[in-house]
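To start, the structure itself, in structure tokens.
Coordinate-derived values only; no laboratory data. All values reported here derive from a predicted model rather than from experimental measurement. Counting neighbours? That spans all protein chains shown, and the Cβs are built from the backbone with ideal geometry, glycine included.
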């Protein structure tokens, strides 16, 4: 699997890392519609991770509408228009933000501190 980097030291589950990297490639146009993803066992072997982990990532991609499965043939990138891709991107951004903001809430981060972090990140 080209360009996929799995970190065993990350706080994110491996399936989530895989989902995020593949969805990013789809949403940025790096993976085109009807492109065939490798079989789950092949991807697991190449990435040296569990078949169950890859299966979970593929299920998340399908649930997000980014891929589809043809029984006996495999998983393919969904044929989505630019508007549909933008909508999916927005939806994924909101879902990720909702998960991440909980971390900052738990640290009792103020709005000003949070905005400062965002400004600092984007000014680099």
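Figures for the structure shown
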{"quantity": "Using alpha-carbon coordinates, inclination of helix 14-27 to the longest axis of the chain, degrees", "calculated": "80 degrees"}
{"quantity": "Between the range 85-124 and the range 45-65, the alpha-carbon center distance in angstrom", "calculated": "25 Å"}
{"quantity": "Which of 45, 102 has the fewest Cβ neighbours within 10 Å, and the rest in rising order", "calculated": "102, 45"}
{"quantity": "In degrees, nearest ten, helix 51-63 long axis to first principal axis of the chain (Cα)", "calculated": "80 degrees"}
{"quantity": "Gain upon complete extension [residue 114, residue 100; 0.36 nm per residue less C-alpha separation]", "calculated": "3.9 nm"}
{"quantity": "Paramagnetic reach from residue 84 (point 7 Å along Cα→Cβ, amide N under 14 Å) across the range 42-67", "calculated": "62-67"}
{"quantity": "Identified option (computed Rg and Dmax of the Cα atoms in Å; candidates (i) 15.0, 51; (ii) 16.4, 52; (iii) 14.0, 42)", "calculated": "(ii)"}
